[in-house]
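Asker: Let me give you the structure first, and then I'll get to my questions.
The values are calculated or read from the model by the stated rules, or taken from the named source; none is laboratory data. If you're wondering where the values come from, they're calculated on a predicted model, not measured in any experiment. Cβ sites come from the backbone with ideal geometry, for glycine too, and all protein chains shown count toward neighbours.
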Amino acid sequence: MRKLCFLTLVLMGAFMSVNAQTGPLNDYLGKYIFAEGSPVAEVSLTIEDSSLVINSAMGSTSLEKKGVDSFYLATYDALVIFKRKEGKAVETISIFVQGMELIGKKEAGAVALKEDEFYATFWTKLNH
């Protein structure tokens, strides 16, 4: 019985650790649409190996956290800044690259899909 209790505590601790590591990044997940004529039409943000990854038609790359809501996109030597609305939810992404500012608006409803994917991945890893 003690072993079962101990094992349960260890598993709960591991689960909470995984959630704590990716939890703050969940705010940024989703799809962002840029203005017509922009060099990039859309990007999506996902979490891979507890890192925030930006995906577009140009490829995928990890973002390096620099500060509150700011990241560095090393592949393009670009600064990425997320802006929040009054409700504290992320509303837009700004990418500063080669003297330009590309602004993308977050598409509604994309976060729920990403959370489902996150939990499906977590349970798959847990059960294999």
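Asker: Anything in region 22-47 that is small (G, A, S) and within 23 Å of G67 (Cα to Cα)? List them, or say none.
Answerer: G23, G30, S44, listed by residue number.
Asker: If you check every pair at least six apart or on different chains, which have Cβ atoms under 6 Å apart with a residue in region 28-53 that is among the polar types (S, T, N, Q) first and a residue that is part of a strand (DSSP E or B) second?
Answerer: Matching pairs, first to second residue: S38/L102; S44/K31; S44/N55; T46/V53; S51/S62.
Asker: So in region 42-68, with the set limited to residues that are out of contact with any helix residue (DSSP H, G or I) (no Cβ under 8 Å at 6 or more places or on another chain), of a type in the set (A, V, I, L, M) and closer than 16 Å to S94 by Cβ, which one is surrounded by the fewest Cβ atoms within 10 Å (Cβ to Cβ)?
Answerer: V68
Asker: (1) more than 14 Å from the chain's Cα centre (by Cα); (2) modelled with pLDDT under 95: which one isn't true of F34, the others all being true?
Answerer: Failed condition: (2).
Asker: Give me a count of the residues in region 75-87 that are farther than 25 Å from G59 by Cβ and within 16 Å of the chain's Cα centre (by Cα).
Answerer: Here the count works out to 1.
Asker: Pairs only if they're at least six apart or on different chains, beta carbon under 9 angstrom, first in region 70-93 and without any contact (Cβ under 8 Å) to a residue 40 or more places away in the chain and small (G, A, S), second assigned to a loop (DSSP other than H, G, I, E, B) and surrounded by 12 or more Cβ atoms within 10 Å (Cβ to Cβ); list them, first residue then second.
Answerer: A74/L63
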